[in-house]
1. Let me spell it out: the conditions are (1) open to solvent by 30 Å² or more (accessible area, probe 1.4 Å); (2) at pLDDT 75 or above; (3) of a type in the set (Val, Ile, Thr), and residue 125 meets all of them except one. Which number is the exception?
2. Please count how many residues of the stretch 72-86 are at pLDDT below 90 and in a strand (DSSP E or B).
3. Under 7 Å by Cβ, and 6 or more places apart or on different chains, what pairs join a residue from the stretch 49-71 that is part of a strand (DSSP E or B) with one that is among the basic types (Lys, Arg)?
4. Tell me which residues, restricted to the stretch 93-115, are open to solvent by 20 Å² or more (accessible area, probe 1.4 Å) and either among the charged types (D, E, K, R) or more than 15 Å from residue 33 (Cα to Cα) (or both).
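The values are calculated or read from the model by the stated rules, or taken from the named source; none is laboratory data. All values derive from a computational prediction rather than experimental measurement. Here the Cβ positions follow ideal geometry from the backbone for every residue, glycine too, while neighbour counts run over all protein chains shown. What goes into the accessible areas is simple: the full protein's heavy atoms, side chains included, and nothing from ligands, DNA or RNA. Shrake-Rupley method; radii C 1.70, N 1.55, O 1.52, S 1.80 Å.
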Amino acid sequence: SGQIGDAFGVVLFAAGTMTADLGINFADNTDYTFSFDHFRRSDLAGGDVTAQIQTVGGTVLATADFAAITGTTASDIANRIVPTYSTSGGAEVGQEIRLVFIPTSGNQVGIDNISLDAVPEPTTTALLGLGGLALILRRRK
């Protein structure tokens, strides 16, 4: 959970794709939210980008398309969020997570502050809490 790397950023050319294999596996009953800052260089028009959460095997689990930044300076930045993907006993559980950026138009796409948050679903947390409570009550008897 949390930001990947420190001050991580890339500029993608229109013909390139960036993938980041995280070395982290999908856990069951967990919500994954992927966000990043999308920016443009001040001397070039920005581009549209598609962002995806995938398995390392290439199965696309969540995808979102984002329009180019329309500002005129490098300080024009938009925080983008890919829709949350929730695992629930599917084939992706236990597979490695991959984040993908695909420029779809324009000269260059700037990406920075990449973050992947993993939050266990409340039912899992509640069951763990109930299990712990049962152990405490059992010890008291």
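1. Failing condition for residue 125: (2).
2. Residues of the stretch 72-86 that are at pLDDT below 90, as a first pass: 72-84.
Remaining after also requiring in a strand (DSSP E or B): 77-84.
Residues meeting the conditions: 8.
3. 51/80; 54/98; 55/98; 66/80
4. Step one: filter the stretch 93-115 for residues open to solvent by 20 Å² or more (accessible area, probe 1.4 Å), giving 93-96, 98, 102, 104-107, 112-113.
Across the stretch 93-115, the qualifying residues are 93, 94, 95, 96, 98, 102, 104, 105, 106, 107, 112.
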